[in-house]
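Okay, structure first, notes after.
Coordinate-derived values only; no laboratory data. Model, not experiment: these values are computed from the prediction. Heads up, the Cβs are rebuilt from the backbone with ideal geometry, glycines too, and the neighbour counts pull from every protein chain shown.
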Amino acid sequence: MVEYKELFVGTSSQKKVVTKDEWVKKLSNVKIDKNDLNKLIMNYFVIEGYKDAAETFSQESGLSPSIDVDSIQDRMNIRNAIQNGNVEEAIERVNDLNPEILDTNPKLYFHLQQQRLIEYIREGKIAEALEFAQDELAPRGEENPEFLEELERTMALLAFDDTNVSPVGDLLHPSQRQRTASELNSAILISQSQEKDPKLPNMIKMLVWAQDELEEELSFPKVNNLITAELVEGNKTTANSDSNFLSK
Amino acid sequence: MNSLKHEQAVSELDSSDPAVRVKALRFIKNHIIGNKTKKDLYIRLHVIPKLVKFFKAKDTVDSQVQIQAAIVLGSFAYGGEENVTEIVKHDAVKPLLECISLQNDPRLIEAAARALKAIYKCPTADKNDIFVENHLRDLITLLNPDALNPKTDRERIASIHTAELAATIIARCCDTNEQQMQIANAGAFPALVNLLTCGFSKAQEAALDALAYLCRENPEFGKAIVETKSETSDSPVKIMLNLILDKSPTMRLIAAKCLTHLSRAKAIGEYSDDVTLIVLPTLVKLLDEKGPVREEAPHVLAYLIRDNEELQKAACDSDAVPKLADFVTHVVDQESSYYDPVGDGDKLKENALMALAAISSLTDDGRKLVVEAKIIPHIVAAMSHRSYGIRAAACQCTRSLSRSINILRTSLVDAGIATPLFKLLSDESTDVQTTACATLCNLVLDFSPMKRMIMELGGIEKLVELVHSLDNTLRLNAIWALKNLVYQAESEIKEAVMKVLTYQTMENLISDQETDIQEQALNLLRNLACTRQHDIEEVFKGLSESRLMNVIENKLHWWNEEIIKQVLYVINNIATGNERHKSAIMNRANILKYILTYMGHTNPEIRVVAMWVVINLSWMEDKSASSQVRVQKLREMGFEEKVKSMTNDDNLDVRERVKTALNQFSQV
């Protein structure tokens, strides 16, 4: 016979509760090799191109970076050039490093040229911007129609004097430079047979996901602020649970 | 566009100061990389011959100039086929090959190898230069990741990258068996197998690719690769089976391709289960990827399962068919672009159709799945696509499907394939014509509801026209289709075909330089002379008795077993005729002697047909005197004795015929 009572237990709104003390005790029982954690951090520094941090961390942890710091330096110089608005320098550097990268990645090349156009506009060099768009970007749009939309969006920057009200003002935001720099960084890493993404951000995404899944069944102390990693009990949530790691 | 600064850069290449030249070269380089318009501009400014000159005057040029010049040449080559033609025209390949010698600056070696890779990427580039002097040996030396003596990690990355470039060049230079052999003899296998475990994915992919092309359709080299000793304890196949599990889809695809080529070269041996359990499922899974991986996966899959019923069944058990069907129905046709002249969508569609054709080529299960995927209307539409590759692939699909009588009579008729298929017989591409003709072979058989329609469209005239074409495969398929058309056909159809083809042409085809065509032409004759005495009489009239018997006698001493079989069938069909037909054979002592000989042929199929001939020749319609004389003559020539000696033949079919024949002899 069917035990109806049994069925209700499963759908009960009463979740099992784990206290903070119990939780901390459970966590401390999980053995994580310090060396593995160090490697995870080194992996982040190396791939993101933080040369100085990698060197310092190497001294502190006794861990050698998986690749030569020189090649991190190469990537860092390129990233910095873009962050500083000097796209031409970045292009020259990447061509010195490996001339195949931009010859075989039309989309990346387009984004670099687009970034150059954005920089002209940022500096108010409107005549140069128009000439550059016509000479350099229009032919790319003809070759690959998929670029046309982005090109039109960029040109729309010229239509608004006040970038704060411009619907395409985001292109002038530092995050646009960061996006371009990251795309280029990834392409270089791929050309060197290296991982293009650091492992850490994915693991943090996994942590957030796992907490959400577990929360369906269980009330337990969560990490809501990823920077402080403070354990918060019950359903108390802090407003800013998003981390810089995640907004890459 | 203001081209003044570019013109100035070109003129600065003539400067006597190396520093000025390097500066100009770097200026040009940074403008043309990634930029088709600038590449074209500089080619118009005649920069290529100036670059080539830097490599010829050895004593006056410093290596910085050469490095930058090689990079610029390489970048031009990335601009497509026209640019490569221009580079080759100005004799740039030989000097670049000189640069890859180990005595040069490592950066020059790397830059030159990169340019060569880009040049050889173009399928029309001439590969011959690489096989002269020491170039091949130099390339193989570069496959060693330590060849450039790297001291820093930066140099190590460059050295491994050079090994990757060398492997890629090799992969693109083994189009022919002769080229495969030269590369293998120069010692490529151990070096490439070694590169498989270097830990740098790009170089590993390039090594896999090179190994794949070196053993393509080459069992000897397949075996040699499998038996190559690697520096690790694992065998090469084991290493590849490891790489096929890699995180990167590109690596998985190339490993699957390499294992596919080894499997096709029958070199996979003890790992054949892994082909079914790992390689095939990996390829099916790769259909979920994007871009070039998704595009090539069905192509490799089609090649893997072609002619292999077991693997086709395994593919049916996977979810390959719905995925492939999706590519055929949902991929939007794209405009071609500079970077991808064929267009991703077109190639994917073509490869998906090829894979569907392969899955349904040998098993009814596969055909059923394709029908259930409801894509036949899309296949029929694809037969009129602008890309000839898609037309040919769609045609190949209908060919596979038409092998099922059931589908032929239902789905294919409903989809109305006869008209589009017939149009493809006149396609501008010979490939398409050939495939269309092969498909037509299945549509003109007697049970096909489309047979009438194809004849009404002018099928006989078209096929006869193709019999006279220049392409041997096309001629073969055309005569094949005509042979099928008259198979068990009504007398009027046979007469209609021969009126257009003519007996003279058939006689010529029976003596064609291609044995396959001879065989089909004899088979046509066999089908003409089948079933009815009236039909046999037509053949006698068409060729005349003496010419017919001469053709038979001539062909009987042919060495080829298929030809012998077909001639014996022709004789057999004539021997089923009336007394006049039988005596035409009986009057030719040579023909009878050959039949007697072939009764003892090592091939049981030939013995069976020869026995049928004896049975029909010794057949007595009535107890007439002529029949008695005929049997008596056979007995005198030793036929009865020969038949008696065959009572213990290995082959059951032969023994059964022997019994019948002995029974007939005993009645006289």
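With 10 angstrom as the radius, rank B:619, B:480, B:612, A:209 by how many other C-beta atoms surround their C-beta, starting from the fewest.
In order of increasing Cβ crowding within 10 Å: A:209, B:619, B:612, B:480.
Which of B:42, B:303 has the fewest other C-beta atoms within 10 Å, and how do the rest follow up to the most?
Final ranking by Cβ density, sparse to dense: B:303, B:42.
Taking the Cα centre of the range A:68-191 as the origin, how large is its charge dipole in debye, to the nearest 20, when only Lys and Arg (+1) and Asp and Glu (-1) carry charge on their Cβ atoms?
400
Please arrange B:609, B:464 by counting, for each residue, the other beta carbons lying within 10 Å of its beta carbon, fewest first.
If I rank by nearby Cβ atoms, fewest first, I get B:464, B:609.
Whole Å is fine, so just give me how far the alpha carbon centre of the range B:585-640 lies from that of the range B:395-430.
When both Cα centres are located, 43 Å separates them.
Hey, can you grab everything whose amide H is under 5 Å from the amide H of residue A:223? Only 5+ residues off in sequence or another chain; H modelled, so Pro and N-termini drop out.
A:232
With +1 assigned to the C-beta of every Lys and Arg and -1 to the C-beta of every Asp and Glu, and no other charges, what is the dipole magnitude of the range B:399-557 about the Cα centre in debye, to the nearest 20?
That gives a dipole near 380 debye.
Only Lys, Arg, Asp and Glu count, each charged at its Cβ (+1, +1, -1, -1), so figure out the dipole size of chain B about its Cα centre, rounded to 20 debye.
Roughly 220 debye for chain B.
If you keep only loop residues by DSSP, which trypsin sites (Lys or Arg not before Pro) in the range B:499-581 have at most 16 other Cβ atoms within 10 Å of their Cβ?
Filter output for the range B:499-581: B:532.
State which entries of B:53/B:127; B:23/B:202; A:20/A:205; A:34/A:222; A:31/B:202; B:117/B:323 exceed 25 angstrom in Cα-Cα distance in the structure shown.
Over 25 Å Cα-Cα: B:23/B:202; A:31/B:202; B:117/B:323.
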